[in-house]
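So the structure is just underneath, and the comments pick up after that.
The values are calculated or read from the model by the stated rules, or taken from the named source; none is laboratory data. The structure presented is a predicted model; accordingly, all values stated were derived computationally and were not measured. Cβ placement follows ideal geometry from the backbone for every residue including glycine, while neighbour counts extend to all protein chains displayed.
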């Protein structure tokens, strides 16, 4: 009898497990051109797209070349078991994966095991990062997005199922030197801690097209104001109004560009947690101070973190809309509740935005478990602590940006946390980490994640390091010196001050190019800074199995293939290859096609690996054949709305070229009403072999900031 009862109990467990584990094929619906949605189980009411409020740009999506669903639909499976959703996507042997958030040390993600979890970056690519975006793309030309605000476990081609369709070959370690501890896997498997989830698949046909579709599905990329692409200096934490004005004056006197200044915690009467009101000792007349800075042509960006002090003027009103746990004893507003938003952002609007403050740096919304709220925290909306952590930065950005949109005034700021859905939000990620090489890898990976990242400069041990860091700041989404602690200035290292000034002015000369490239990000979804793997003509190696020549030595070594994680594309035409402190030479991998030196126009190679020795004064930059780089006169501040600037259009190579120069007023959202233009620039050789350039006439009743136009054909001698 006892055996019979045991048998029945075992049978009940097996039957229950089978009932709970329900594997299903997705039913896919095309929800936008080249974008399909599939649902498994019961998706949660709160997800990444709802947090961001992202709206697809279907018109722009329809302009990308049509492509079919990239999988055999039955090869994608979803299983609900134990309150979790397990997803499986097919993976071919000769396939590389990119994405899974803002990684700092690796570009290739195949073979990785990650938990996508909002956090500060702790020095290891394990999924805990400032933008744990659950989106990946394949070298085969498709993308996959998991629309969940939960912490997601990813097995990016690591597990081998016994009933795998394309299993690896079993090998004998005793006799086979090709045995590997990490055999080939034919699937990406993902675990979502919820009993259902939405999944989106993005067609190509190229990997860049899949990235574009993801960006456009999330509203299109950021279009900053022109001044946001100039230079910014973040001053020391406890600066006063007079010290800030003196800083701005020093930049002008010494001839260094400056468009906006960042004020750190000392602008508030209390910080960590904050009051979100001006400190009257350091800033006795805030409105007058802001106006004086505007008269100098300088905008102000204010540091905040969203944790409310009991000394805040609105504390009594907002406390019932805050979470169960505090951060630095400050209360955490639940921004999913309209009344909480009205109170919190109403204070920012009244006290800062309405007197002319141009933006915010939203700090500490990412991580460090020891100070952020724990996952056991509760919020009055019912959203879990885990979901709130994964989306809090997105919520803060969304509603901060909304204030400026209502004023028809663009903003550009900084944030410590972003996620899927935040593509169009006008903020750039930064952090406390300070490894220069890893900063460049993060810049490369940002293009796969739909976020922007700045390799900011703070301080350096030597003038060489300072110049090398500054050179990469110039070729990035935000040209920033973050001197909140060090007080560093561009001229703080006299031995390289002249070169720093030269590069800061180059950044300003290139504003027409940068602005046009960000317009393409917004209207076409093309990341302005992106990996070489997204460039046509670039051949990416695939990961190969390890071969053990000595079976007694490290038999579990991981096989790797060459990652290109120290060079990147900047806009349509430029390849940037930073040199780091201590290096005098470096190798550059050129995609197929002829490439030319940015500074001289000289031919450098075609689809080959070159070794370069640029000297300290240059960061290696190359232009593809037919490249057109519109530049303006060097100046200390970005052009204002309605201001005309003269252009020098630089032309590279021996191939006819076409470039679309973007123009609008540079400051408002009137472009959303059609008040913008793309003017076509063309270069051709006439019958006599002489180069000729043309630029389309300005459109009637559209903004026109172009003055006189001159041409500079950089390539004088044909080689090879």
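A few remarks follow.
To keep it simple, each residue is scored yes or no on (1) within 30 Å of residue 636 (Cα to Cα); (2) within 31 Å of the chain's Cα centre (by Cα); (3) touching a residue at least 40 places away in the same chain (Cβ under 8 Å).
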{"position": "163", "(1), (2), (3)": "no, no, no"}
{"position": "189", "(1), (2), (3)": "no, yes, yes"}
{"position": "213", "(1), (2), (3)": "no, yes, yes"}
{"position": "228", "(1), (2), (3)": "yes, yes, yes"}
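- For residue 433: the one exception among (1) crowded, with 24+ Cβ neighbours inside 10 Å; (2) not in a helix (DSSP H, G or I): (1)
- In segment 392-405, the count of residues that are free of Cβ contacts under 8 Å to residues at least 60 places away in the same chain, surrounded by fewer than 21 Cβ atoms within 10 Å (Cβ to Cβ) and farther than 27 Å from residue 521 by Cα is zero.
- Residue match in segment 664-676 (condition: part of a strand (DSSP E or B) and at pLDDT 95 or above): no
- Flag if residue 145 is in contact (Cβ under 8 Å) with a residue 12 or more places away in the chain and either in contact with a helix residue (DSSP H, G or I) (Cβ under 8 Å, 6 or more places away or on another chain) or over 30 Å from residue 518 (Cα atoms) (or both): yes
- Residue check, residue 506 more than 15 Å from the chain's Cα centre (by Cα), surrounded by fewer than 22 Cβ atoms within 10 Å (Cβ to Cβ) and in a helix (DSSP H, G or I): yes
- Flag if residue 3 is assigned to a helix (DSSP H, G or I) and modelled with pLDDT of 85 or more: no
- Filter result (touching a helix residue (DSSP H, G or I) at 6+ places or on another chain (Cβ under 6 Å), without any contact (Cβ under 8 Å) to a residue 40 or more places away in the chain and surrounded by fewer than 18 Cβ atoms within 10 Å (Cβ to Cβ)) within segment 487-503: 495
- If you go through segment 573-590 and keep only what is touching a residue at least 40 places away in the same chain (Cβ under 8 Å) and crowded, with 18+ Cβ neighbours inside 10 Å, you end up with 573, 574, 575, 576, 577, 578, 579, 589.
- Subset tally (residues that are part of a loop (DSSP other than H, G, I, E, B) and touching a helix residue (DSSP H, G or I) at 6+ places or on another chain (Cβ under 9 Å)) for segment 567-579: 6
- Check on residue 132, free of Cβ contacts under 8 Å to residues at least 24 places away in the same chain and part of a loop (DSSP other than H, G, I, E, B): no
- For segment 356-371, filtered to residues that are crowded, with 16+ Cβ neighbours inside 10 Å and more than 23 Å from the chain's Cα centre (by Cα), the residue that is nearest to residue 400 (Cα to Cα) is 357.
- Scanning segment 580-597 for residues that are outside any strand (DSSP E or B), within 25 Å of the chain's Cα centre (by Cα) and within 21 Å of residue 629 (Cβ to Cβ) yields 590, 591.
- Whichever residue in segment 327-339 is touching a residue at least 40 places away in the same chain (Cβ under 8 Å) and touching a strand residue (DSSP E or B) at 6+ places or on another chain (Cβ under 7 Å) and, among such residues, is farthest from residue 53 (Cα to Cα): 330
- Lone unmet requirement of (1) within 13 Å of residue 525 (Cβ to Cβ); (2) in contact (Cβ under 8 Å) with a residue 40 or more places away in the chain for residue 51: (1)
- Scanning segment 178-185 for any residue that is surrounded by 14 or more Cβ atoms within 10 Å (Cβ to Cβ), touching a residue at least 24 places away in the same chain (Cβ under 8 Å), assigned by TED's automatic domain parsing to the domain that holds residue 85 and under 19 Å from residue 74 (Cα atoms) turns up at least one such residue.
Yes/no per residue for (1) surrounded by 21 or more Cβ atoms within 10 Å (Cβ to Cβ); (2) in contact (Cβ under 8 Å) with a residue 60 or more places away in the chain; (3) within 20 Å of residue 371 (Cβ to Cβ):
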| residue | (1), (2), (3) |
| --- | --- |
| 280 | no, no, no |
| 289 | yes, no, no |
| 297 | no, yes, no |
| 322 | yes, no, yes |
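For (1) out of contact with any strand residue (DSSP E or B) (no Cβ under 6 Å at 6 or more places or on another chain); (2) part of a loop (DSSP other than H, G, I, E, B), each residue gets a yes or a no:
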{"site": "38", "(1), (2)": "no, no"}
{"site": "43", "(1), (2)": "no, yes"}
{"site": "60", "(1), (2)": "yes, no"}
{"site": "66", "(1), (2)": "yes, yes"}
{"site": "86", "(1), (2)": "no, no"}
{"site": "89", "(1), (2)": "no, no"}
{"site": "98", "(1), (2)": "no, no"}
